[in-house]
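All of the numbers you see were taken from the coordinates with simple rules; none came from a lab. In this text the structure is predicted, and so the values were computed from the model without any measurement. Note: ideal-geometry Cβ built from the backbone for every residue, glycine included; neighbour counts use all protein chains shown.
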Amino acid sequence: MKKTILVTGGCGFIGVNFVRFLLETRNDLQVLNLDKLTYAGNLQSLADVEDHPRYTFVRGDICDSALIENLFEQHNIQAVVHFAAESHVDRSITGPDAFVQTNVFGTFTLLEGAKKYWLDQGKGNNESRFLHVSTDEVYGSLGTTGYFTEETPYDPRSPYSASKASSDHFVRAYFHTYGLPILITNCSNNYGPYQFPEKLIPLVLNNALVGKPLPVYGDGGNVRDWLYVRDHCEAILQVLDQGRSGKSYNIGGHNEKTNLEVVEKLCDMIDTKVGLLNNKPRRELITFVKDRLGHDRRYAIDAGKIDQELGWLPKFTFEQGIEKTVDWYLQNRQWSESVMDGSYQQYYATMYGKGK
């Protein structure tokens, strides 16, 4: 019998890529995708694998304890990779309550479900693992030097990062208090195919193609470490398979760029691939806007631990990853358009509303 892995938030950006990665590379796993299908969950992104013999989709809320307990029982879940989260910082500033509900209470509900099934009922085994996917934003902001390590004290600055820090603490507490076999990963900024257009890279790509302004916060000097999503998926699976229970691992791309550098790179690449816009370079579309409240200046990951312990290193430079990303969006304009016009949200009703 194949081991079943529960992937929460598998219709979100990283979740979609991870589900695809598992189906491509792990014939020993049944993949159970649980997603509430909020605005950022796009079932259409997995349309071509919905009939895969090792894949099952369930629409549901991670805050629903009865559903979670039933899924553990029904599918004998022995591994959890927990992506499901509200993740957009700007939205957390204007509406933090959803972030507390999903990121904190949802994580707690999943932990309780795993604890009851694996520990209280004794149905876990030595392969049972609960991997919580988190962010480098829990560490706060860096100056011009230094890196976040796994020992960096938590110092969240936004409602989003505060909710993720809280969920990290709950996950760690379930290891120390109950012995639940947990793992935590804290990653830097992801980019790649299937990313919701509210995030920087797909937003700039879509706007630049049609000549809309390209908004850049403040002076554009905020620095992020960019991680190609395929590299992230490989790292997560390596931590799930080989990581030490109770430990956390930082996952970074070794690609620090200012926001302005990223936007300018995208402009130049699109100009090269599709031609100038009205005979003008797309850099002229860059528009500096009022800075985000509490905008952290710099994030940078020290991923030495995962390299030394598990032998993982990113395979893609930023230049390689961003070109693959731009090419994907250019070749999949229909996907972006369906997200921007909202039609992607009808896919579930069309495919599953008839009892499929």
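A few notes on this one:
- Between Asp97 and Leu330, residue separation times 0.36 nm minus the direct Cα-Cα distance comes to 80.3 nm.
- With the alpha-carbon atoms of region 296-356 aligned to their principal axes, the span from lowest to highest coordinate is 50, 28, 27 Å, starting with the largest.
- In a simple Cβ point-charge model (Lys, Arg +1; Asp, Glu -1; nothing else charged), region 271-356 has a dipole of about 280 debye relative to its Cα centre.
- Sorted peptide list for 305-311, 98-104, criterion being average Cβ within 10 angstrom, highest first: 98-104, 305-311
- Residue pairs, from the table Lys2/Lys247; Lys2/Lys324; Lys199/Lys290; Lys36/Lys164, whose Cα atoms sit over 22 Å apart: Lys2/Lys247; Lys2/Lys324
- Efficiency of FRET from Cβ geometry, Met340 and Gln308, R₀ 41 Å, rounded to 0.05: 0.45
- Cut-off 19 Å, label 7 Å out along Cα→Cβ of Glu150, residues of region 60-88 by amide N: 80-82
- Region 73-172 - Rg (one decimal) and Dmax (whole number), Cα, Å: 15.5, 51
- Volume per residue of the convex hull around the Cα atoms, evaluated for region 143-238, comes out as 147 Å³.
- Those residues of region 333-348 whose amide nitrogen sits under 11 Å from the label point placed on Glu50, 7 Å along Cα→Cβ: 346-348
- In this rough spin-label picture, where each label sits 7 Å from Cα along the Cβ direction, the Asn27-Glu261 distance is 4.3 nm.
- The alpha carbon convex hull volume per residue for the chain rounds to 132 Å³.
- Ascending count of other beta-carbon atoms within 10 Å, so fewest first, for Thr287, Thr135, Thr107: Thr287, Thr135, Thr107
- Reference-scaled alpha-carbon Rg (2.2 N^0.38 Å with N residues) for region 209-311: 1.41
- Charge tally for Lys164 (other residues, Cβ to Cβ under 11 Å; Lys, Arg +1; Asp, Glu -1): -4.
- A straight chain from Val289 to Val274 at 0.36 nm per residue would run longer than the Cα-Cα distance by 2.7 nm.
- Each helix, a run of at least 4 DSSP H residues, gives -39500 (n - 2.57); summed and divided by the residues of the chain, these come to -11500 deg cm²/dmol at 222 nm.
- Cβ-Cβ FRET estimate between Thr177 and Glu323, R0 fixed at 51 Å, reported to 0.05: 0.65
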